[in-house]
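Undergrad: First, the structure itself, so that you have it in front of you.
The values are calculated or read from the model by the stated rules, or taken from the named source; none is laboratory data. Computed from a predicted structure; not experimentally measured. Positions of Cβ are backbone-derived with ideal geometry, glycine not excepted, and every protein chain shown enters the neighbour counts. For accessibility, only protein heavy atoms count, side chains too; no ligands or nucleic acids. Shrake-Rupley method; radii C 1.70, N 1.55, O 1.52, S 1.80 Å.
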Amino acid sequence: MKRIAVFASGNGSNFQAILDANKSGALNAKVALLVCDRSDAFAIERAEKEGVPAFVFNPKNFFDKAAYESDILEYLETMKIDFIALAGYMRLVGSTLLEKYEGRIVNIHPSLLPEFPGKDAIGQALTAAADKTGATVHFVDSGMDTGQIIAQESVTIEPGETRETLQKKIQQIEHTLYPAVIEKLLNGTKETIQ
Ligand code: GAR
């Protein structure tokens with residue numbers, strides 16, 4: 001069974017969705033590690049509750065990205081991690097991790113990429129008065145949300161939509177889409193990956 005590390009910076013509802021899919025049997029993989037760059041992130045509590053080890057680090061305590069990614073990499077290798085799922089990890093992945101894991105790191109982003117990359121994708125969609133947006137799962141490369149798209153699902157932006165209502169709608173689809181895509185990537189055939 002493949003071993004996954006989830007990287008998160010905040011609430012961790014997508015991390016939870018991955019854990020829940022694992023428990024229900026929808027995702028056949030071992031969620032073996034949480035990597036988190038904020039000691040106050042709720043994702044850490046979720047990991048504790050589920051008995052998942054957490055590697056928590058403060059980027060400010062390191063000289064640069066390469067330094068903290070070297071520490072993460074050492075941990076990933078010790079824990080024999082095969083695959084990385086970024087789930088609200090608010091940092092660009094650098095060359096230290098990409099050299100070892102490119103093609104085995106995915107991210108979920110709250111827009112229909114290439115539209116609205118980067119920070120505050122939901123705010124960007126509202127400001128642009130778009131009539132739809134959505135969620136995208138993509139491979140991670142060195143750019144900002146530029147890697148190959150694996151799957152997307154859209155939501156309609158209704159008149160009077162607020163940031164809160166739109167975020168709720170997008171997260172609802174993320175929580176189903178992300179575990180399903182990870183399952184297909186790890187255990188499916190090429191044909192099942194759309
Ligand atoms: C998710 O909606 C994810 O798509 C987004 O952060 C949220 C994290 O929520 N990611 C990005 O914006 C990455 N650019 P969560 O912590 O509850 O899973």
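Undergrad: Name the residues in the range 1-48 that are among the small types (Gly, Ala, Ser) and part of a loop (DSSP other than H, G, I, E, B), would you?
TA: The answer is 9, 10, 12, 25, 26, 29, 39, 41.
Undergrad: Since residue 133 meets every condition but one in (1) within 14 Å of the chain's Cα centre (by Cα); (2) of a type outside the set (A, V, I, L, M); (3) surrounded by 23 or more Cβ atoms within 10 Å (Cβ to Cβ), which condition does it not meet?
TA: (1)
Undergrad: Okay, next question. Can you confirm whether residue 118 is near the ligand (Cβ under 9 Å from one of its atoms), among the small types (Gly, Ala, Ser) and open to solvent by less than 60 Å² (accessible area, probe 1.4 Å)?
TA: For residue 118, the condition - near the ligand (Cβ under 9 Å from one of its atoms), among the small types (Gly, Ala, Ser) and open to solvent by less than 60 Å² (accessible area, probe 1.4 Å) - is met.
Undergrad: Look at residue 150 and say whether it is buried (at least 21 other Cβ atoms within 10 Å of the Cβ), β-branched (Val, Ile, Thr) and in contact (Cβ under 8 Å) with a residue 24 or more places away in the chain.
TA: no
Undergrad: Filter the range 128-141 for residues that are touching a Leu at 6+ places or on another chain (Cβ under 6 Å) and assigned to a loop (DSSP other than H, G, I, E, B) and give the result.
TA: Scanning the range 128-141 gives no hits.
Undergrad: I'm checking my understanding of the structure. Among residues of the range 1-37 that are open to solvent by 30 Å² or more (accessible area, probe 1.4 Å) and polar (S, T, N, Q), which one is nearest to the ligand (Cβ to nearest atom)?
TA: It comes out as 11.
A quick yes/no check of all residues on (1) open to solvent by 20 Å² or more (accessible area, probe 1.4 Å); (2) over 27 Å from residue 3 (Cβ atoms); (3) of a type in the set (Phe, Trp, Tyr); (4) within 12 Å of the ligand (Cβ to nearest atom):
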position	(1), (2), (3), (4)
54	yes, no, no, no
75	yes, no, yes, no
89	no, no, yes, yes
105	no, no, no, no
110	yes, no, no, yes
114	yes, yes, no, no
144	yes, yes, no, yes
154	yes, yes, no, no
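Undergrad: Is it the case that residue 170 is within 15 Å of the ligand (Cβ to nearest atom), outside any loop (DSSP other than H, G, I, E, B), open to solvent by 10 Å² or more (accessible area, probe 1.4 Å) and over 23 Å from residue 59 (Cα atoms)?
TA: no
Undergrad: Among the residues of the range 97-130, how many are hydrophobic (A, V, I, L, M, F, W, C) and under 17 Å from the mean Cα position of the chain (by Cα)?
TA: Adding up the residues that qualify gives 10.
Undergrad: Oh, and also: Kindly evaluate residue 43 against the criterion of being closer than 25 Å to residue 169 by Cα, buried (at least 22 other Cβ atoms within 10 Å of the Cβ) and either under 13 Å from the mean Cα position of the chain (by Cα) or away from the ligand (no atom under 16 Å from the Cβ) (or both).
TA: Yes: the conditions hold for residue 43.
Undergrad: Are there any pairs with C-beta distances below 9 angstrom linking a residue in the range 163-189 that is free of Cβ contacts under 8 Å to residues at least 40 places away in the same chain to a residue that is within 10 Å of the ligand (Cβ to nearest atom), with the two at least 6 apart or on different chains, and if so which?
TA: Final answer for the pair search is 173/135.
Undergrad: Kindly indicate which of 100, 80, 60 is farther than 24 Å from residue 177 by Cα, touching a Lys or Arg at 6+ places or on another chain (Cβ under 6 Å) and open to solvent by 70 Å² or more (accessible area, probe 1.4 Å).
TA: None of the others qualify; the one that does is 80.
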